[in-house]
Amino acid sequence: MFRLKQKHAPNKRDSSLPLIDGQKLLAEQSLLRGLVGSSGCALLVCWVWALISMVTGKVFPWFSIVIGMVIGMSMQRCGRGLDWRFPSAAMLIALTSSYLGNLLIGVLETGRYIDAEFTSVIAGLSGDTISNFFRYIISPIDHIYAFSAAALAAFFANRRLKRNEVLGVRKARRNAD
């Protein structure tokens, strides 16, 4: 008459999920598409960061975190990767992009200060200029944000799978061996 609801009732959803073809999921991976997509997004977000800094007159170092998240998500969407190559590539792109964004802000500020074109300032960059940039402009907080962006990019880079997809990939890898 007065029964309590069962806490551990059999889960009917797990048994009804069809097994996904793991070979198809593995074939969808493309490191080249991931690199191209995330590099394009990185350049776009760096440019937006530089323009926002030029308009406001302030440099927002936390924007590196946004760059890392965008790179990771674009690597996930474009590359559709399941293995270690995709987070590694996203980390490298995020680390590079964090410093590239700071360099882009420095180039635009220099161009505005000396009243020069963007391309002429870029053409005037040398190894000595870059070493001075890292010595005098980049602070320890910029390094912390850059490595945090790389960690976030690696976290978001791999494709998220459902349970039945994971089981399908395991079965496909076991059959391949």
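Please work out which residue is farthest from GLU165 (Cα to Cα), limiting yourself to region 35-46 and to residues that are surrounded by 15 or more Cβ atoms within 10 Å (Cβ to Cβ) and touching a Cys at 6+ places or on another chain (Cβ under 9 Å).
Among residues in region 35-46 that are surrounded by 15 or more Cβ atoms within 10 Å (Cβ to Cβ) and touching a Cys at 6+ places or on another chain (Cβ under 9 Å), the one farthest from GLU165 (Cα to Cα) is CYS41.
Listed here are the residues, each with its yes/no results for (1) open to solvent by less than 50 Å² (accessible area, probe 1.4 Å); (2) more than 23 Å from LEU92 (Cα to Cα); (3) at pLDDT below 95.
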residue	(1), (2), (3)
MET1	no, yes, yes
GLN6	no, yes, yes
PRO10	no, yes, yes
ALA27	no, yes, yes
SER30	yes, no, no
ARG33	no, no, no
VAL48	no, no, no
ILE65	yes, no, no
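Restricting to helices (runs of 4 or more DSSP H) lying wholly in region 85-152: which have 1 or more residues that are in contact with a helix residue (DSSP H, G or I) (Cβ under 6 Å, 6 or more places away or on another chain) and either open to solvent by 70 Å² or more (accessible area, probe 1.4 Å) or not small (Gly, Ala, Ser) (or both)?
So the answer is 85-114, 118-123.
Can you tell me which of (1) charged (D, E, K, R); (2) under 30 Å from GLY22 (Cα atoms); (3) not in a helix (DSSP H, G or I) is the one LYS58 doesn't meet?
Against the list (1) charged (D, E, K, R); (2) under 30 Å from GLY22 (Cα atoms); (3) not in a helix (DSSP H, G or I), LYS58 comes up short only on (2).
From (1) touching a residue at least 40 places away in the same chain (Cβ under 8 Å); (2) in contact with a helix residue (DSSP H, G or I) (Cβ under 8 Å, 6 or more places away or on another chain), pick out the condition that doesn't hold for ILE52.
Single failed check for ILE52: (1).
The values are calculated or read from the model by the stated rules, or taken from the named source; none is laboratory data. Model, not experiment: these values are computed from the prediction. We place every Cβ from the backbone using ideal geometry, glycine too, and count neighbours over all the protein chains shown. These area figures cover heavy atoms from the full protein model, side chains too; ligands, DNA and RNA do not enter into them. Shrake-Rupley method; radii C 1.70, N 1.55, O 1.52, S 1.80 Å.
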